[in-house]
Every structure is written in C-alpha cells, then in structure tokens.
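What follows is one structure encoded as structure tokens, with my remarks underneath.
The values are calculated or read from the model by the stated rules, or taken from the named source; none is laboratory data. Not measured: the values here are computed from a predicted model. Cβ placement follows ideal geometry from the backbone for every residue including glycine, while neighbour counts extend to all protein chains displayed.
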Amino acid sequence: MVDAMRVERLREGMKTAGLDALVCRLPENVVYITDYWPHHGFSVVVLPRDGKPRLFLPEIEEEYAKPDWADYSTFGWGLLKDGDLYENYRRLLTEARGQLGLQGAVIGIEQSFEVSGPTYRMAEPVVPAAPWSRLMEQVFAGQKLVDAAGVLQNTRAIKGQYELDKLRIANEIAEMGMNVFLAQLQPGMREVEVGALIEQTIRAKGPGYKGARLVRASAEVGAGPVGSTKGTLLVPSTTYTIREGDFVMVELATVVDGYWSDLTYVAVAGQPSARQCEVYNAVLKAQQAGAQQMKAGALFSDPDTAAREVLKEAGLGDYFVHITGHGVGWRYHEFIPFLMPGAEGTLETGMVSSVEPGVYIPDFGGIRIEDNVAVGADGPVFLSTPRQPWS
C-alpha cells in the first residue's frame, strides 16, 4: 500500500507557504505526489489542499498509474487521432481548475528547478519551457502563480518507511551490478566494458525483483593511476585498458520506478598491494565515521567533519577535495541535506544522504566509497550494504 502520508506532509508545507494547489510536471515531482514514474514526460499532476491528487497521463502509460492514491485521467498523445498536446493540457487543466474551485487561488509551480530527474525514456528528455509557462498563465489567469520549489524540496527531504523501502530496493538492484563487477573484473577489460557489464546486469535482473518494473542504470568507470583520480567529478568511461594492479572506480546511478540509488565502489584488478589496502581501509574508516553521524540532531556538517578528521589523521586529508554527501531519493543528487564544511541545517529522522569521502592521489589513484544512509530514529540506517576492509 502506498504511503500517502508524504502527500499530507506536502500539504502541510503548502499550507505554511499559503499555496492552494500545486501543478507539477517534472518527473521527480510526479513520482513524489503519485508514486508513478512517467515514461515520456508529458504527465501532469494537480495537488489541491484537500482531496486526492489529479493525475493526467498519456493513455499508453495508464497501467502504471496508482488509482488508490490519485484520481487520474488519460489523454491521447503521439498518434494522428490524438490532436494537439497543448490543447489537451488546456482542456484538462481548465476542467481541474473548475472542479477544484481554484478561481482566485495561489498556485505553486516548478519555477526554479534547473536540475531534474529524467523520465524512464531517458533518450529524449522533455523539458517544460516557454510554451508550458504561457499555457499556465492562460489557464490560471487571475490566479497567482508562485515558485513552489522550496516547498517541494524541503518536504521531499523527509522520507517515510514506504520511501525507505523503495530506496533499499533500488540499492539492492544496484548491488546486483556491483557484485558482478567485483566478481568478473580482470586485467585486459576496458573501462567501457566494465560499465556495460554493470548496466546490462541491472537492466536484465532488476525488473521483477521485489515488484520492480522500470529500471535504468548508468555506470561510469575510471581506472588506473590517472583515470581513477578523475572520479572527483562524474566523467565518462573511456576505452582505457585496465592493467594488473589498477584501481577501478565505478560511480553508479540506478533508478527503480523513480527511486534512486547512488553508489561508488572501488576494486583492484588483481591483488591489491599493501599500500592500496592501507589507503582503502583509511577511506573506509572515514566513511564509516561519517555514516555514524547520520543521526537526528546532528548538523549537516558533522558527517563531513568526522570523515575529514579520520583522513587527516591518516595523512590523507589534502587529497579529500569534495563534499562528504548529498541527498538521494527522487533524484540522483538532491539538495537536502548537503554534508559539507560549514553546511547549515540539522539532520532529521527520514533524511537520506550519500556518504562518500574519497582521496585522489597523483600517480597512485583514487578511492571513493559511497553508500546511501538514512537518519533513523536510533541512528544511521544503511540502505546499501556497507563495505568490508581489505586485507
């Protein structure tokens, strides 16, 4: 059964912000409000202060709607019989405005989302732009349109048990690919081959696992003393051929029915050296120290401080050049919380973040260890499987 409590939390945020309704089209917000991940990006949801959400989606996607949580209507799209998409929008939104009594209302819209999670059909993202804005202004003429990004992002930062269960499934599916990577990595493979192996495993084995339907993955691989140090940022896999003794770092984004996992694994092609084990274990100790600070009442900066102290003590502090973590949930990278030096904010039960300290040492290689960790009632809750020390 879907946890509709998150919609009630969102309504509390709407009330505080003085919003009478939300109109959302970005896939991540459609998933959040209706638990349905759009395929093409043409779906729209209207959430009033009271009553069920109204979901409008292409008729080809109807079997993925959630009628127990949202009232929905379908419209034709893509075929000759279906007419103009924006005329369909105009008709449906005008009907919703009248049925919900939104004349003179304050309407929240997705005005300042400049980063957004994609639809299932990632090959051709659909981005609401000027035509959508003009339509909104025409349909809701006389109403006040205000940016609801803050309300949505703050409410989404707190996950209930239903969402945590979904995120755990996404991590378990992601680990299917990572486990194959660990089992099959060997010298002579190219970075692109390793990434393809991971993605193929997830795409093939993920659907059907614990009810999962729509599964996507993107694995970027960096290997060797140079390639693995580029993992400070997300960079594409190359045709570099992995050599004996190379570090191989995999940054993996996995999305399952609109819920995201963000993991980073590191392995060595062949047997790791004593120094490689030493540095890896120092990063793991830092990661675990950071994760232990994922508790209610801690500052956003506390996990970062804990991780940095461990790496500083190990003589590796200068090589840790990025933040310790970021929110994860309905997007690969969410903005709440940010685990970084000087970050303002307090961790609350239900927040989920990556915890991913790393070091990037010239002529040696890069190591980052990343798990997804929730703030539980009694301390940190790992949604992914913690790594073990190397020996």
(request) Check ALA296 against each of (1) of a type in the set (A, V, I, L, M); (2) over 18 Å from ARG387 (Cβ atoms); (3) not in a loop (DSSP other than H, G, I, E, B) and name the one condition it does not meet. (result) (3)
(message) Under 9 Å between Cβ atoms, which residue pairs at least 6 apart in sequence (or on different chains) link something in segment 61-72 that is modelled with pLDDT under 80 with a partner that is aliphatic (A, V, I, L, M) and in a helix (DSSP H, G or I)?
(response) TRP69/VAL7; TRP69/ILE33
(message) Among the residues that make up segment 11-21, is at least one of them of a type in the set (Asp, Glu), at pLDDT 95 or above and touching a strand residue (DSSP E or B) at 6+ places or on another chain (Cβ under 7 Å)?
(response) yes
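Matching residues to (1) under 28 Å from GLN271 (Cβ atoms); (2) of a type outside the set (Phe, Trp, Tyr); (3) assigned to a strand (DSSP E or B); (4) touching a Lys or Arg at 6+ places or on another chain (Cβ under 8 Å):
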{"residue": "ARG213", "(1), (2), (3), (4)": "no, yes, no, no"}
{"residue": "ARG216", "(1), (2), (3), (4)": "no, yes, yes, yes"}
{"residue": "VAL221", "(1), (2), (3), (4)": "yes, yes, yes, no"}
{"residue": "VAL226", "(1), (2), (3), (4)": "yes, yes, no, no"}
{"residue": "VAL235", "(1), (2), (3), (4)": "yes, yes, no, no"}
(message) Can you report the number of residues in segment 180-219 which are acidic (Asp, Glu) and buried (at least 21 other Cβ atoms within 10 Å of the Cβ)?
(response) 1
(message) Step by step: first the residues of segment 261-273, then only those that are within 16 Å of GLN388 (Cα to Cα) and out of contact with any strand residue (DSSP E or B) (no Cβ under 8 Å at 6 or more places or on another chain), then the one that is surrounded by the most Cβ atoms within 10 Å (Cβ to Cβ). Which residue is that?
(response) PRO272
(message) When the residues of segment 233-260 are narrowed to those that are surrounded by fewer than 17 Cβ atoms within 10 Å (Cβ to Cβ) and under 25 Å from ASN281 (Cα atoms), which ends up nearest to the chain's Cα centre (by Cα)?
(response) LEU234
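This table checks each residue for (1) outside any loop (DSSP other than H, G, I, E, B); (2) at pLDDT 95 or above; (3) over 18 Å from the mean Cα position of the chain (by Cα); (4) assigned by TED's automatic domain parsing to the domain that holds GLY245.
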| site | (1), (2), (3), (4) |
| --- | --- |
| ALA306 | yes, yes, yes, yes |
| GLU309 | yes, yes, yes, yes |
| ASP318 | yes, yes, yes, yes |
| TRP330 | no, yes, no, yes |
| GLU348 | no, yes, yes, yes |
| ARG387 | no, yes, yes, no |
| SER391 | no, no, yes, no |
(request) Taking the residues in segment 57-79 that are in contact with a helix residue (DSSP H, G or I) (Cβ under 7 Å, 6 or more places away or on another chain) and surrounded by fewer than 22 Cβ atoms within 10 Å (Cβ to Cβ) as candidates, determine which candidate is nearest to LEU19 (Cα to Cα). (result) TRP69
(request) Looking only at segment 163-179, decide whether some residue is in a helix (DSSP H, G or I), exposed (fewer than 15 other Cβ atoms within 10 Å of the Cβ) and touching a strand residue (DSSP E or B) at 6+ places or on another chain (Cβ under 8 Å). (result) no
(request) State which residue pairs qualify: first residue farther than 20 Å from GLN288 by Cβ and outside the structural domain of ALA298 (by TED's automatic domain parsing) and inside segment 351-365, second residue modelled with pLDDT under 95 and not in a strand (DSSP E or B) in any location, beta carbons under 9 Å apart, and separation of 6 or more residues or different chains. (result) none
